[in-house]
Amino acid sequence: MAVYAVYKPLGATSHDVVEVARRALGTRKVGHTGTLDPLATGVLVLATGSHTKLVPFLTGEEKEYIAWVSFGATTPTLDAEGPLEPRTPWEPDEASLRRELAGFLELEEQVPPAYSAVKVGGVKAYEAARRGEELELAPRPVSYRQVELLELLDRPVPLRIAPTAEGWRTSGRGRLVELPPPLAPLPTAAVRLVVGSGTYVRAFARDLGERLGTGAFLSGLVRTRVGRVGLEKTVPAAELRKAEPLAPADVLPFPVVELAHAEVRRVLEGVPLPIPARGLVALTDRAGRLVAVAEGDGFKLKVRRVFKPEDGRG
């Protein structure tokens, strides 16, 4: 089996997509590398078969999004699920908006949304929130690496986007993004974000509204990249049986080393290789099939995970 880039459509849960993939590929062994909320769309990286052992190496990768943030109201879940809770109206001011967006680049901690899977005393925050209970959530480490205003709109409307050398941006000839039905014609910013693992974009919308003296929520979200895997590489989950899997160099966040046949045999036996690399590396055979993930100390490579040759290309 292998690793695939799947497009998660609007309204489906990440688990729904995994179930479709299991049926399409004829296997129960399918995992993903990072949940997307039902009202978000975009890249979901799936690992299948023995390649589910890659998930721990992929879940910490940075992610890129385009977020539609609507101002002047909020919602309990901080997205377009509703119901709408009006706040102080926001008069669009691009200068102040850009100033507050830049402040997120210095942010190191952030309180997660009340509707999140964060646990307090063994209780998930969203379960408590659904019961009407309030949990005191502690700030968690976050990393905002790029924050860029793309469009300032008078209401949440779908936009076309396309990849560029500097990331995904709005483009009149690009791919049209699915948005949930709008809750109200509120002023809305389309913002491009590149964030580290564990960063909640719904918390970004909440805090941006507070910085601007109003309420705010996500009226739309598309994940355009997970690590090295961009939206342009995705396919519908139902079409996975005829889809090409991703090559190791396209998905793994570390260098790829091609091995000779004798070296492949040694790796499968768990023998360290005298290759002067440092950190994690992906080891492939001459055909590009993933053989193992190894870690180097500058003198030799020690195998961390082995993948059987019959599992197919990585």
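The values are calculated or read from the model by the stated rules, or taken from the named source; none is laboratory data. Note that this is a predicted model, so its numbers are computed, not measured. Neighbour counts run over all protein chains shown; Cβ positions are idealised from the backbone, glycine included. Note: areas computed on protein heavy atoms with side chains; ligands, DNA, RNA excluded. Shrake-Rupley method; radii C 1.70, N 1.55, O 1.52, S 1.80 Å.
Projecting the Cα atoms of 26, 57, 112 onto the dipole axis of the range 5-164, where Lys and Arg carry +1 and Asp and Glu carry -1 at the beta carbon, places 26 farthest toward the positive end. To test your reading of the geometry: what angle, between 0 and 90 degrees and rounded to tens, separates the Cα axis of helix 94-103 from the longest principal axis of the chain? Long axis of 94-103 versus the principal axis of the chain: about 40 degrees. For the pair the range 216-267 and the range 49-113, the centres of their Cα atoms are 24 angstrom apart. Dipole check for the range 1-100: with +1 at the C-beta of Lys and Arg, -1 at the C-beta of Asp and Glu, and the Cα centre as origin, the magnitude is about 740 Debye. Between the range 1-30 and the range 138-214, the alpha-carbon centres lie 25 Å apart. To the nearest ten degrees, helix 201-211 and the longest principal axis of the Cα atoms of the chain are 30 degrees apart. Fully extending the segment from residue 88 to residue 134 would add 14.2 nm, taking 0.36 nm per residue of separation and subtracting the current Cα-Cα distance. In this structure the range 126-258 gives 48 Å² per residue of accessible area when probed at 1.4 Å with all protein chains present. Counting only protein chain heavy atoms and rolling a 1.4 Å probe, the accessible areas of 275, 66 rank, largest first, as 275, 66.
Within straight-line reach of residue 124, meaning a Cα separation under 19 Å, sit the following aspartates and glutamates at least 8 residues removed in sequence or on another chain: 37, 79, 133, 134, 136.
Cross-link pairs exceeding 19 Å between alpha carbons, from the set 29/63; 8/233; 8/63; 53/302; 29/53: 29/63.
Of the listed peptides 33-45, 282-294, 172-184, what is their order by residue-averaged count of other C-beta atoms within 10 Å, with the highest listed first?
33-45, 282-294, 172-184
The portion of the accessible surface of the range 78-157 made up by carbon and sulfur, rounded to a whole percent, is 45 (1.4 Å probe; DNA, RNA and ligands excluded). For the range 105-227, a simple Cβ point-charge model (Lys and Arg +1, Asp and Glu -1, everything else neutral) yields a dipole of about 560 debye relative to the Cα centre. Under a Gaussian network description of the chain, with springs only between Cα atoms under 10 Å, the residue in 188, 48, 27 that fluctuates furthest is 27.
Taken about its Cα centre, the chain carries a charge dipole of about 1340 debye when Lys and Arg each add +1 at the Cβ and Asp and Glu each add -1 at the Cβ.
Stretching residue 109 away from residue 244 to a fully extended chain increases their span by 44.7 nm, per 0.36 nm per residue minus the current alpha-carbon distance. A simple spin-label model places the labels of residue 304 and residue 176 4.3 nm from each other, with each point 7 Å out along Cα-to-Cβ. Estimated at 0.36 nm per residue, the fully extended path between residue 280 and residue 23 surpasses their Cα-Cα distance by 89.2 nm. Across the range 131-267, C-alpha contacts under 8 Å between residues 6 or more apart give a mean separation that, scaled by the residue count, equals a relative contact order of 21 percent.
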